[in-house]
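The values are calculated or read from the model by the stated rules, or taken from the named source; none is laboratory data. As the structure is a prediction and not an experimental result, all values here were calculated from the model. Cβ placement follows ideal geometry from the backbone for every residue including glycine, while neighbour counts extend to all protein chains displayed.
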Amino acid sequence: MSEQERTFPPKRFFLRLIDAPPIEREGEDPLAERKFFLVGSSNQFSKQLQNLLAQKKTKIVSFLDLSTIRSSEQLIRALPQEKLDGLIFLEPQLHEKTKHKQVTEYCFLLFKHLSFNPEPYILTVILSSACFGWKQPLTDPIIGSLTGLTKAFTREISPGIIKVLACSKPEYILTELYSGDGAVEVSYTPEGRRQILITQEAPPLEEHQLVEPLTIPRPTDLFIIAGGISRVNYELVRTIAERYHCKLALFDRVILPPNIRELATSNSKELDYYKEEMVLELQRQGKKTTPQNIDKFWSKILHAITIQQIMDELSALGSEVRYYSVDISNPLVMERTIERVTKDFGREISGIVYGMGLTESSSSIQEKTFEEFSRFYNDRVQGLDALLSNVLLEHLRFLFCFSSVAGRYGHGGHAACSASDDYLSKYCWQLHQRDIRAISFCWDKWLGVESTRPLLTKKPKTDQETVQKIKTWIEICFDELEAIQEPEIIIAYRLGKKLLSPLVAASINRKKFPLIGKIKRNFDGSIVSERILSQEKDCYLQDHHFNDEALFPGVMGLELFAELAKLAFPGKTIVRFENIEFRSAIRLKDEQIRTIKTQIDYAEHQSEVVLSSYIIRNGKKTQRLKHRFKATIVFGRPLPKSDRSPSLKRSPLIDQEFVYQILPHGPLFQVIKEVNSIDNEAIAIGQYNKNDHFSWKHEGFVISPLVIESGFQTMGLMDFIKNTRVGLPYKINQLIFHETKGKPYYIRGRKTADYQKGSQFTFEILTKRGDVLLEAIDYRTVEVDLGDVTSIVERIRSYQIQRLFQRPRKAWIEVVSLKLLQDKLKREPEYLETFLNAEELATLDSLTKKKEREQWLARVFAMKRALRVMLSTANMREFQVDYDARGPYYLKKGKKIYLIVVEENGYYVVGAGFKRKIGLTLKNQQQKHLPVVDDLLSAEEKELILQQTEENMEELLLQVLVAKEAAVKAVTSEGTIDLSHARIVNYQPKNRIKLCINLSSLPKKVLNQLVKDKKITTDQPTITLVVTVAQNEDFLVGVSLLTADGFLRKIRSLLPI
């Protein structure tokens, strides 16, 4: 027994009737040209069935009318000798005295002696629409023998379609033959609704759940304890006597010898003497005295001693106890015994505890003898029949039957046990319909306590573990005995493989369910699908690669989950996925074949679904089944949700071509048209007209899987740009679908958390109008290695800075990454000569310090790149940059192009403009600038800033620093004027700050240069500028442009990432 079973109490399971519409099966016709053998009664139903099969071109080998059969030998002689493709056993017309023989025993002989081809179709048909007695009208519990026996047969025969079917019309038999979902016990209502019974875990019984707790007054109630005095029965009966002090009638086959009281009180030496006397008596009678024969007779005496000891113990606990030696399977004997019991106790029987009885040896139906099957079956089934037919049911307060999971799920090798236990369950169903508290108590492994071995000592020695198991067992028994809410209850630590359908999986309609493959439904209502993945047949895998390996996309896993949900719950709508986990990727190498296995549980409002996989090589499974994806599907009605449409930048940050230089996806998964911006939010535009690339037709999902993929990719790009890492989907807390008629267009998302090897996001898919189609809450990624991606990241970040600048008229702004330039020169050293002339090369050689060389080279390269674009020329070596009082410039046909270069974190930003000097500044927000800012402010400026109460003060002061630097740089070169001379005049909307610079504060050579450039007049006291500032989580930027009249006409604030 596992550690879990030692630690935790067993669970309760109960049955539930659900609708399970037939599922169309693909493949060969199960009826055309197939050889079927029909057995049953000759009546209108069987004749209609034969006509329907003939229309389907089924070859009916013969029809056997069971009313003509008088013996098992005659039945065997009437069976066909050839191999069959199918058997249909129709419940015959019953006669009470011969029903067990005509139904169960004959069915057993059919299963034992008929030969079948591989994957046969075998149906045992109950002619009723009451779902085997689960509901009205009442049916004979003999059908339980058929269902249990058939379920045992499904566990033994090679995979096939083997079922028990309850229906009132022969048309439903054909429906079931053409459909397939793996359900073994199937019922059709008169209207044609297909229903099955499933096993579900039940909540523990609480006191408030008990229905009229069974409190028994000491003198009034009489219980029969039948089925032998085993360990299980002993523990239960002892507790009944201890709690209720009721009257007890014990039934067993053992005859108590006349001196039983003397034997029961004897010690071991005295028992040895009696044993010797028994041997002498056997010799006097001329019987064999072999050790085996001696043990056989002595064991009966020991059993009798045990019974007497138990009776003495029960009497001591306050119960009146009597013992009756009786063969309960003999109806005549039982009739006389029940009369005797009621007469002895002077009252009617008010309760029955029906024990386990004999033990069936394990052997297949083909190996089991007819006599062995009949002996065990009759002992269990006919014994209950005989009991209940002689008890006044109106006085019966309860029936408590010990059964096993063999009756519910079938047990290979134990056909008689499966048949009899399901008979007991179906009988309890019938009594439950008549408001009699009856329960079939189906145990699995009996908690490790031996259930059938007789007790040979009064107080058996047990270890602590067994004592605890018995205590748990007794508590559960009495919970169920006092409640009896269900006619059949299953008690087990775990059911495991017992819940798995033994039937062969059926291929289903690929047009409706292209990803599912083959399916079957288990006893708990779950549906399991299996499908082989290959790059040849699943073309979409060729467009979803990482590191030269095809990966099964996470969104295709969600699509598969949705298909299963549609199959299992055709009338329901998915409103969201919860607790999605992409535990490990499903990789396919070369022509490797991998099987994916998916299971969806049955639940009313939400279902668990798990996807696993294993590898097949040379036709054999080479890898253990490994869980890959899982999720919870929630059903309901999608609700509408509206939001604002995102504001777009004029030009995209990354176009589609650049996106898929980063992401290694093929055409099908290239679902992003552009990434418009990535600041605090990522904004992208999707492109979803790719359905023609699929090898299957998309159906049934609330939204195309490619739409979800676009959200995954956009968040991946955001993580890539901000954190230089690529992440695959790992977890999603919720994926919510909303009602809208619009088509997906925008993807909008933001990062909410960082982890050691991944990130967390929330994103939405919106229509053009801003209606929300889908939102993902707490979408987490896990980092994967794509190799060295530095150059790609630097390109994106450089482009981010550049695109944020709105280029002024007759001006240009260029951004150069020092890392990119270094990588370029490392790969192509000769590239240096493409932009440096001889004089500049000499200057470079004169610089001895590495950092000084890098900075000088980056500044020169950035300025020449800007000039090349402005002047539309490819030869950067021709450009000669000169300097005057206002800074660097390039002279072109007598006109100056002023240049300004700012650097931050290895990015060099150059502004170039004809006759106008652009003022730029770039600050890293992580650096501490505030003490410096405070020194640059006058009292009037501080008062003005304090009026901006709606702003964050720290952020506001940093804006002031940036504005002052940008204003000064638009006038002169850096460092030639104190920033305190640039005074704030006022704040304007959209982060625009108006500043005034007193010309008297400027150096004389700067003033002369401004007059010469016609930027000021000689009598002008001040120069006024407006600086636009902008920021994000990394940088804050200011931009100013000095015009001829001293005022900024075109400005732009830029905020690079």
Across (1) modelled with pLDDT of 80 or more; (2) under 30 Å from V960 (Cβ atoms); (3) touching a Lys or Arg at 6+ places or on another chain (Cβ under 7 Å), A862 clears everything bar (3)
In segment 718-747, how many are under 26 Å from the mean Cα position of the chain (by Cα) and either outside the structural domain of S642 (by TED's automatic domain parsing) or modelled with pLDDT under 90 (or both)?
3
Residues being surrounded by fewer than 20 Cβ atoms within 10 Å (Cβ to Cβ) and among the β-branched types (V, I, T): count how many of those fall in segment 349-381.
2
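Listed here are the residues, each with its yes/no results for (1) out of contact with any strand residue (DSSP E or B) (no Cβ under 6 Å at 6 or more places or on another chain); (2) crowded, with 23+ Cβ neighbours inside 10 Å; (3) among the basic types (K, R).
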| site | (1), (2), (3) |
| --- | --- |
| G383 | yes, yes, no |
| L392 | yes, no, no |
| L396 | yes, no, no |
| C401 | no, yes, no |
| Y409 | yes, yes, no |
Got at least one residue in segment 9-18 being modelled with pLDDT under 85 and either closer than 30 Å to C477 by Cβ or in contact with a helix residue (DSSP H, G or I) (Cβ under 6 Å, 6 or more places away or on another chain) (or both)?
yes
Residues in segment 325-334: is at least one crowded, with 18+ Cβ neighbours inside 10 Å, among the small types (G, A, S) and either touching a Cys at 6+ places or on another chain (Cβ under 7 Å) or in a helix (DSSP H, G or I) (or both)?
no
Taking R347 as the residue in question, decide whether it is modelled with pLDDT of 95 or more, over 20 Å from R243 (Cα atoms) and assigned by TED's automatic domain parsing to the domain that holds C477.
no
Inter-residue pairs, beta-carbon under 6 Å, first exposed (fewer than 12 other Cβ atoms within 10 Å of the Cβ) and in segment 265-293, second of a type outside the set (G, A, S) and not in a helix (DSSP H, G or I), 6+ apart
Q283/T289
Which of the residues that make up segment 835-857 are among the aliphatic types (A, V, I, L, M) and closer than 18 Å to A874 by Cα?
L836, A838
Is it the case that S584 is small (G, A, S), touching a strand residue (DSSP E or B) at 6+ places or on another chain (Cβ under 8 Å) and part of a loop (DSSP other than H, G, I, E, B)?
yes
Looking only at segment 26-53, and only at residues there that are small (G, A, S) and exposed (fewer than 12 other Cβ atoms within 10 Å of the Cβ), the one that is modelled with the lowest pLDDT
G27
With the structure loaded, tell me whether S179 is touching a residue at least 24 places away in the same chain (Cβ under 8 Å) and more than 28 Å from A565 (Cβ to Cβ) or whether it fails that test.
no
Residues satisfying the stated conditions in segment 470-512, i.e. under 15 Å from D524 (Cβ atoms) and surrounded by fewer than 16 Cβ atoms within 10 Å (Cβ to Cβ)
R494, G496, K497
State whether the residues of segment 614-635 include one that is modelled with pLDDT of 90 or more, touching a His at 6+ places or on another chain (Cβ under 8 Å) and under 21 Å from L735 (Cβ atoms).
yes
Selection within segment 351-381 - of a type outside the set (V, I, T) and in contact with a strand residue (DSSP E or B) (Cβ under 6 Å, 6 or more places away or on another chain):
G351, Y354, G355, M356
Limited to segment 656-691, what total is found for residues that are touching a residue at least 24 places away in the same chain (Cβ under 8 Å), outside any loop (DSSP other than H, G, I, E, B) and closer than 19 Å to C539 by Cβ?
4
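Would you mention how many residues in segment 597-613 are touching a residue at least 24 places away in the same chain (Cβ under 8 Å) and under 17 Å from L500 (Cα atoms)? Full working, then the answer.
Initially, segment 597-613 is screened for residues touching a residue at least 24 places away in the same chain (Cβ under 8 Å), giving 597-602, 605-609, 611, 613.
In the following step, the residues that additionally are under 17 Å from L500 (Cα atoms) were identified as 597-602, 608-609, 611.
The qualifying residues number 9.
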Residue within segment 386-408 that is among the hydroxyl-bearing types (S, T, Y), farther than 22 Å from S501 by Cβ, more than 42 Å from the chain's Cα centre (by Cα) and at pLDDT below 95 present:
yes
